[in-house]
Amino acid sequence: MGGLKDLLTRWKLNQLIAKLGSREQQEREEAVSGLAALGAAAVPAVLEQLRQGNSRARVGAALILRRLRPPQAVAALIERLGDAEEIVRDAARDALEDFGEDAVPALISRLKDPDELVRTGAAEALGLIKDLRALKPLLECAHAESLATREAAIDALGEIGHPAAVPALINLLNDPAPAIQQAALTALDKIGTPEALEAIKQWHEDHR
């Protein structure tokens, strides 16, 4: 009986996987719901779709993993932060947010990834998770060579909102890159301490 049940599960799994990359939204939604309902039994096939499926399947796989949160999915989702399709990158980042603190060490380790998309995506995810372990690594990233990486790190510091980031952000108001100054202003405004707000006021007075 167990063998028959396994066969039926495998058949259902294959049917749902085939729909995950469908052009029809309803079929994709059915596949996401059905595969999530299968739980752990679906995870290996879903991970494969995350790596090898079309863009619709990759997004669907990220949605399923967001619901199931299997530990082995963190690394695969981080890889998709470097996906060629923005919609897939966004789905992976949002899924990692739901993994919360379990994803933080792996995300921190990718802040220096060779792929800029992975670096910025990791910073964005850390900002969404708001784990204080990310403060120091993000402060370091705020002085990276890449402008996009620096902006993402500064934005993440603003999202985390911890006052410990304020002195470094104030220093960045003197950065030669206008984009960095603006990112620091926004982050300081989000943190909103008296020191941060005074620095913003002073910057505006100096730049009249």
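Any read-out appearing in this document is the output of simple, stated calculations on the displayed coordinates, not a laboratory observation. Values in this document were obtained by computation on a predicted structure and should not be read as measured data. Using ideal geometry, Cβ is built from the backbone for each residue, glycine included, and neighbour counts are taken over all protein chains shown.
Only one item in (1) 19.2; (2) 18.4; (3) 21.6 matches Kirkwood radius over Cα pairs in Å derived from the coordinates shown, and that item is (2).
Given the convex hull over the Cα atoms of segment 1-104, what projected area results after averaging over all orientations, in nm²?
In nm², the orientation-averaged hull projection of segment 1-104 is 6.3.
Counting only DSSP H runs of at least 4 residues, each contributing -39500 (n - 2.57), and dividing by the residue count of the chain, the helix-based mean residue ellipticity at 222 nm comes to -22500 deg cm²/dmol. The Kirkwood radius of segment 38-152, taken over pairs of alpha-carbon atoms, gives through the Stokes-Einstein law at 25 °C and 0.890 mPa s a diffusion coefficient of 176 µm² s⁻¹.
The residues packed around A187, meaning those with a beta-carbon under 9 Å from its beta-carbon, carry a net charge of -2 if Lys and Arg are +1 and Asp and Glu are -1.
Order the peptides 61-74, 194-207 from the highest to the lowest mean number of other Cβ atoms within 10 Å of their residues.
Answer by packing, highest mean first, reads 61-74, 194-207.
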